[in-house]
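Here's the structure we're looking at; comments come further down.
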Amino acid sequence: MSARDVCVVILAGGAASRFGGVTQVLPKCFLPVSAEETLLTRLLGQLRDAGFDKVAISTSPQWFPVFEALVGRCRETRSSSALVLSNPAHAAGPLAALGNAARQIEEPRLLLCLPDIYFRENPFPGLAATGQDAVLSGCPVDRMTRAPSSGFLTVNEGMVETLTYRTPPDRPDAFWPGVALFPRNGFVPLLESVAPEGPIENLFAAAMAQGVRFAFQPCGPFGNVNTMVEWLYLLERPE
């Protein structure tokens with residue numbers, strides 16, 4: 001197994017309503033995180049450095065012209081081959097959009113990423129080399145200086161037992177940055193078993209209920225940019 005048999009799907013169709021007026025004119029993944037990088041270009045660079053050459057960025061038809069123009073510029077200047085998908089299913093929710101995108105790829109494995117995550121260390125080289133069928137990444141709690149408000153993982157003997165967006169009664173073992181590696185042949189039927197309008201964590205609850213076991217892949221600290229405050233915090237402490 002290698003990164004060559006994987007298509008990365010970046011879900012970038014959310015409304016970012018918690019961000020206020022800024023994201024009415026520009027998707028938040030194009031917000032700068034340094035003088036040279038935006039959230040999205042940093043993510044694309046980390047994927048490229050890890051050997052993931054096949055990337056599909058799924059966005060809503062409303063934002064497609066913006067993504068196509070800005071990602072097109074990235075193709076010219078950074079040797080990126082990312083494809084932008086105009087995906088009307090984003091209107092029905094992230095799972096509907098993910099299902100529509102998954103049906104358009106041919107690679108045997110799919111790597112899910114979210115564009116509003118800032119990884120302080122590149123988490124993808126380990127995923128490029130893994131031979132596991134299903135993998136969830138997570139940052140161990142003792143490595144996070146600022147705990148996220150969602151995405152709590154419990155891990156037992158190297159396997160993920162639960163993923164929830166509500167704080168578990170016991171201390172979680174790790175925090176999830178929205179990265180998951182799936183075999184495509186079982187992924188599409190799995191998506192079809194979940195209500196498309198539901199939140200993304202329902203996908204993993206259904207997978208575990210159906211016997212899909214996720215290996216745990218530890219990653220470094222990350223920041224989830226959901227609000228203006230979180231973005232400003234990131235700018236103040238980029239590394």
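The values are calculated or read from the model by the stated rules, or taken from the named source; none is laboratory data. All of these numbers come straight from a predicted model, not from anything done at the bench. Please note: Cβ atoms are built from the backbone with ideal geometry, for glycine as well, and neighbour counts cover all protein chains shown.
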Query raised in the report: Just to be sure, is residue 89 out of contact with any Cys (no Cβ under 9 Å at 6 or more places or on another chain) and either touching a residue at least 24 places away in the same chain (Cβ under 8 Å) or surrounded by 18 or more Cβ atoms within 10 Å (Cβ to Cβ) (or both)?
Result: yes
Query raised in the report: Does residue 71 satisfy the condition of being of a type in the set (Val, Ile, Thr), assigned to a helix (DSSP H, G or I) and surrounded by 16 or more Cβ atoms within 10 Å (Cβ to Cβ)?
Result: yes
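A quick yes/no check of all residues on (1) buried (at least 20 other Cβ atoms within 10 Å of the Cβ); (2) more than 30 Å from residue 104 (Cβ to Cβ):
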| residue | (1), (2) |
| --- | --- |
| 152 | yes, yes |
| 156 | no, yes |
| 161 | no, yes |
| 164 | no, no |
| 168 | no, yes |
| 176 | yes, no |
| 179 | yes, no |
| 189 | no, no |
Requested in this report: Could you check residue 99 against (1) crowded, with 18+ Cβ neighbours inside 10 Å; (2) part of a loop (DSSP other than H, G, I, E, B) and say which number it fails?
Outcome: (2)
Report task. State whether one or more residues within region 152-162 are without any contact (Cβ under 8 Å) to a residue 40 or more places away in the chain, more than 28 Å from residue 38 (Cβ to Cβ), part of a loop (DSSP other than H, G, I, E, B) and among the charged types (D, E, K, R). Result -> yes
Query raised in the report: Does residue 181 fit the bill of being within 30 Å of residue 38 (Cβ to Cβ) and at pLDDT 90 or above?
Result: yes
